[in-house]
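Single-structure report; data block below.
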Amino acid sequence: MDTRCPTRGRTLRFGLENLESRQLMASRVSSSYILVDAWTSKPLSPVAAQIVKAAATNPHHATHHSRVHLSSSQAHPSLVVKPSSSSAPYQGALSPGQVRHTYGLDQSGLTGAGQTIAIIDAYDNPSIAGDLQAFSQQYGLPPANLLKAVPTSGRPRFDSGWAGEIALDVEWAHAMAPGATILLVEAKSASYKDLLSAVDFAVSFGAKQVSMSWGGTEQSGSTGRYDSHFRVPGVTFTAAAGDSGREVEHPAVSPYVTAVGGTTLHIDGLGNRLSETAWSGSGGGVSSFTPLPTYQANALSGNRRGVPDVAFNGDPNTGVSVFDSSSGGGWWQVGGTSEGAPAWAGILAVVNQGRASLRKKPLGTGSTYGTNQILYQVAGAGARTSISTDYYDVTAGSNGTPAQAGYDTVTGLGTPTAALINDLVNSVP
């Protein structure tokens, strides 16, 4: 983590636990969470919940990174960067319009309508509905369709660090895909067991984009133990790669998860890119345990998986604007790779809206490794040294390993462009 300008998130610590089998967890997931009113947290009636779910998961319906250490069971929040007054966004923080322009979303004409983005976080942010409304009004975004799910055992307790993470994740998923439904699933605790149960609920609900802004140092067996939660073709899982420089974390290292690294992005007032380099805090590296997936064969030498797969702005010094009043605050400038995980989920929701309009299945359907296979496919056969123009190839900067032309373990294939969105909609079966 950048100690001069720490990212918004928290340090998540838990012990390795014997998880229930996938079959047992799947049998329980539908009843382990309930939909609640995002403003009051009161449960929706069964009829209302069914209507909401049907609308949210109909593809033709138009309507920071938390770090997990496997040695402890307590969650410890880190600090938020650059607090501002409660009345105005922090001067210099990037806005949704600027970022959408930089990465080509404003050229697509798509908003993610008909798609559901699931945000998986721990504990409760009781002010998220009002904060998202304030964020949307500030930047001229349409009102958000926010759903909230909590464990059947009751609303999780408040945690200020996780509440800030929730604000970042929800607001920036909405910023990138303002027409999509946002499903916030609040896990009972910051344990891996509870977080993965929340992931399972999101999948059972029908979300095709699932964002996870948390992770922990990979360990032997972690990929094999937990991968069943992400081996769902047609559902894209995005995860933050980490904020401590060269490192490899799980779930980002899972071959079924799209790992998102961080960049330092400088733009002009309209959002035109002036420069983009690797952020020194971006997680990334070569796994010590996970075999090289077939889709990385043309991008990486050796026999182990590399992370990240893609990148997004993440340097807190070039961070984005977030509104979080949960602890009596207001506007903040926020960075970290947890900025990129929900943003990429939003980008892929936009893609899936376009695919649905063409009667195509969600991205990654029928692919062994889901969306990752497609992301590397469009990067070109020579991704080890040269990336197609579908990505902005970040070639400068370092997280302990220097960025370079072609794939690298700082920014992966690079950051998205309008061409990538177009090709993922139109060129991919």
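The values are calculated or read from the model by the stated rules, or taken from the named source; none is laboratory data. Worth saying up front: this structure is predicted, and the values here are computed from it rather than measured. Cβ placement follows ideal geometry from the backbone for every residue including glycine, while neighbour counts extend to all protein chains displayed.
With the condition kept exactly as written, say whether any residue in region 260-274 is modelled with pLDDT of 95 or more, touching a strand residue (DSSP E or B) at 6+ places or on another chain (Cβ under 8 Å) and polar (S, T, N, Q).
Yes - at least one qualifying residue is present in region 260-274.
Can you list the strands (runs of 3 or more DSSP E) found entirely within region 202-269 that contain at least 2 residues being surrounded by fewer than 24 Cβ atoms within 10 Å (Cβ to Cβ)?
Qualifying strands (runs of 3 or more DSSP E): 214-217, 258-267.
With the requirement that a residue be of a type in the set (A, V, I, L, M), surrounded by 23 or more Cβ atoms within 10 Å (Cβ to Cβ) and touching a Leu at 6+ places or on another chain (Cβ under 9 Å), what does region 391-420 give you?
Matches in region 391-420: LEU413, LEU420.
How many of the residues making up region 340-369 are at pLDDT below 95 and in contact with a strand residue (DSSP E or B) (Cβ under 8 Å, 6 or more places away or on another chain)?
Within region 340-369, residues that are at pLDDT below 95 and in contact with a strand residue (DSSP E or B) (Cβ under 8 Å, 6 or more places away or on another chain) number 1.
Condition check ((1) buried (at least 19 other Cβ atoms within 10 Å of the Cβ); (2) part of a loop (DSSP other than H, G, I, E, B)) across all residues:
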| site | (1), (2) |
| --- | --- |
| SER321 | yes, no |
| SER326 | yes, yes |
| THR337 | yes, yes |
| ILE374 | yes, no |
| ALA381 | no, yes |
| ILE387 | yes, yes |
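Answer yes or no as to whether ALA198 is more than 13 Å from the chain's Cα centre (by Cα) and in a helix (DSSP H, G or I).
Yes.
Please go through region 272-297 and give me each residue that is among the polar types (S, T, N, Q) and either more than 30 Å from ARG100 (Cα to Cα) or assigned to a strand (DSSP E or B) (or both), ordered by number.
Answer for region 272-297, where residues must be among the polar types (S, T, N, Q) and either more than 30 Å from ARG100 (Cα to Cα) or assigned to a strand (DSSP E or B) (or both): SER275, THR277, SER287, SER288, THR290, THR294.
Could you list, in sequence order, the residues of region 298-314 that are in contact with a Leu (Cβ under 7 Å, 6 or more places away or on another chain), in a loop (DSSP other than H, G, I, E, B) and either surrounded by fewer than 24 Cβ atoms within 10 Å (Cβ to Cβ) or modelled with pLDDT under 95 (or both)?
LEU300, GLY302, ASN303 - these are the residues of region 298-314 that are in contact with a Leu (Cβ under 7 Å, 6 or more places away or on another chain), in a loop (DSSP other than H, G, I, E, B) and either surrounded by fewer than 24 Cβ atoms within 10 Å (Cβ to Cβ) or modelled with pLDDT under 95 (or both).
Could you please tell me which pairs satisfy a Cβ distance under 8 Å, a separation of 6+ or placement on different chains, a first residue in region 344-369 that is among the hydroxyl-bearing types (Ser, Thr, Tyr), and a second residue that is in a helix (DSSP H, G or I)?
SER367/GLN373; SER367/ILE374; THR368/THR294; TYR369/THR294; TYR369/TYR295
Name the strands (runs of 3 or more DSSP E) wholly inside region 74-192 in which the number of residues that are surrounded by 22 or more Cβ atoms within 10 Å (Cβ to Cβ), touching a helix residue (DSSP H, G or I) at 6+ places or on another chain (Cβ under 8 Å) and modelled with pLDDT of 95 or more is 1 or more.
Here the list reads 116-122, 145-151, 181-187.
When you go through GLY366, GLY370, GLY382, GLY412 one by one, which is the residue that is out of contact with any Ser or Thr (no Cβ under 6 Å at 6 or more places or on another chain) and over 30 Å from GLN115 (Cβ atoms)?
Matching residue, one of GLY366, GLY370, GLY382, GLY412: GLY382.
Which condition from (1) at pLDDT 95 or above; (2) assigned to a strand (DSSP E or B) is the one that VAL68 breaks?
(1)
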